[in-house]
């Protein structure tokens with residue numbers, strides 16, 4: 001089963017969501033479709049208080065109040081997204097949540113004002129205007145009601161009978177109505193109640209203690225967090241930005257050690273990138289730590305605010321490539337494609353955790369936008385020291401010699417390329433393996449030189465083939481007039497499902513066995 005609603009799995013899953021702040025837009029669209037079809041049913045959109053910080057949610061609320069369609073919005077307020085919520089909206093909801101007298105006061109004042117008698121015979125219009133002005137003066141108005149959305153709150157989300165009662169009342173309302181529900185993240189399981197951010201998404205753990213199983217080798221995310229702290233100690237202008245993913249992107253230590261240089265914008269990826277551009281203009285070196293799949297949400301800001309102005313913003317793209325059980329909405333399958341097309345940007349992909357460390361330090365020396373994309377989970381190395389090695393910009397390195405074919409691999413696919421090379425050697429095929437390191441700029445001369453010497457040039461990437469690294473190499477070979485056998489390998493032109501990463505790689509023919517078989521098949525065809 002998918003970890004997210006999935007229409008293909010159940011008729012009760014209305015859509016296939018994976019990114020936050022979208023439910024009100026979906027709900028309003030469904031409500032409009034219902035009315036256009038002359039149908040009669042309820043539409044309920046559930047949104048978390050963390051998701052309410054996203055711009056898309058505000059845009060949808062604005063339109064919902066304007067159209068006045070029948071729509072029930074449940075605001076599930078637990079003070080959390082993945083980490084603790086931040087921002088003015090979070091503080092506003094906290095004010096409502098912690099002061100229930102606010103609601104009672106509003107109702108009482110409204111009744112008093114409505115009952116005020118008037119001497120003489122002013123017009124109804126004047127009376128109504130006076131009462132509205134008096135109410136607005138005495139009652140601190142709710143932002144939702146200012147937008148034209150009825151507000152009901154505060155409701156205990158763990159009181160089932162109370163929830164049913166309020167939902168039945170909401171059914172009878174006309175126009176959009178928002179029910180403000182208070183819940184506790186991790187309710188019912190003490191370890192999750194104590195550490196709700198840790199238990200947002202978790203691997204194997206002990207049920208009794210709540211202790212998570214050891215990951216083994218340090219993850220790319222862990223190494224990123226450690227190295228960024230080292231960089232911040234030597235670079236006082238370095239700041240870190242996350243979009244409600246402090247723990248998920250490995251920034252918890254940075255936030256503790258450098259609180260004034262840590263910025264959590266909430267679930268607001270567009271603002272995160274725009275903010276980074278402003279900090280760069282102000283002389284700082286912002287590092288935007290974000291999952292690959294979520295940077296897609298800020299593509300326009302990436303183009304206009306950062307790359308167009310050639311600003312020195314570093315993008316640390318966690319969860320690049322296949323991410324496993326989170327599936328199609330979370331795979332970082334497109335970042336190389338949508339980044340490669342942009343002028344001014346440098347794109348790096350480490351094959352292991354030590355290379356990630358070196359690339360992070362190298363990014364500080366580049367006066368322009370940089371993206372470093374790395375996968376989820378543990379890397380190949382057991383121990384990483386703090387001493388970094390200099391990198392030569394745009395240069396690939398050969399990690400295995402071979403005269404028959406050349407496999408040019410990106411990121412964690414380097415390890416799989418080495419495995420495939422071992423299998424090929426058993427068939428008498430000597431394969432060279434190249435760690436490209438830089439997807440942009442491409443090491444053009446080195447690649448052209450290899451293409452002239454081997455029977456087959458293979459590119460291997462954990463990214464969509466469309467617009468990806470391999471496509472760039474194919475264009476390079478054609479433009480250079482080099483006649484060479486060429487086999488680009490990557491993710492197909494469709495959305496990949498969920499499952500264990502090794503299983504997904506095998507299903508997409510990107511495991512070592514499949515790669516070696518495909519290479520042998522091509523060589524047999526050409527011979």
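Quick look at the numbers
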{"quantity": "The stretch 413-507: C-alpha gyration tensor shape, a/c 1.5 cut-off, then a/b vs b/c", "calculated": "oblate"}
{"quantity": "Additional length obtainable on full extension of the chain from residue 426 to residue 8, 0.36 nm per residue less Cα span", "calculated": "146.2 nm"}
{"quantity": "Structure-derived semi-axes √(5λ) of the Cα gyration tensor in Å - corresponding label in (i) 52, 25, 22; (ii) 71, 32, 18; (iii) 47, 30, 21", "calculated": "(i)"}
{"quantity": "At R0 = 30 Å, FRET efficiency that the Cβ-Cβ distance of residue 252 and residue 507 yields, to 0.05", "calculated": "0.30"}
{"quantity": "Label-point separation in nm, residue 366 to residue 169, each point 7 Å along Cα→Cβ", "calculated": "5.7"}
{"quantity": "Cα-based shape type of the stretch 195-342, given that a ≥ b ≥ c are square roots of the gyration tensor eigenvalues and the cut on a/c is 1.5", "calculated": "oblate"}
{"quantity": "Burial ordering of 475, 229, fewest other beta-carbon atoms within 10 Å first", "calculated": "475, 229"}
{"quantity": "Approximate spin-label separation residue 68-residue 495, in nm, with each point projected 7 Å along Cα-to-Cβ", "calculated": "3.6"}
{"quantity": "Rounded to 5, the percent of DSSP beta bridges in the stretch 220-373 classed as antiparallel", "calculated": "5"}
{"quantity": "Label-zone membership for the stretch 234-276, site residue 309, 7 angstrom Cα→C-beta point, backbone N under 17 Å", "calculated": "239, 241, 270-276"}
{"quantity": "Antiparallel bridges, percent of DSSP beta bridges restricted to the stretch 372-527 (to nearest 5)", "calculated": "15"}
{"quantity": "Potential extension, residue 39-residue 59 segment - 0.36 nm per residue separation minus Cα distance", "calculated": "4.7 nm"}
{"quantity": "Sequence of 520, 314, 408 once ranked by neighbouring C-beta atoms within 10 Å, starting from the fewest", "calculated": "520, 314, 408"}
{"quantity": "Theoretical gain in end-to-end length, residue 16 to residue 187 [0.36 nm per residue, Cα-Cα removed]", "calculated": "59.0 nm"}
{"quantity": "Sites residue 479 and residue 26, calculated FRET efficiency, Cβ-Cβ separation with R0 51 Å, nearest 0.05", "calculated": "0.70"}
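None of the figures in this text is laboratory data; all of them are computed from the coordinates on show. None of these values were measured; they are calculated from a predicted model. Don't worry about glycine lacking a Cβ; one is built from the backbone with ideal geometry, like all the others, and counts go over all protein chains shown.
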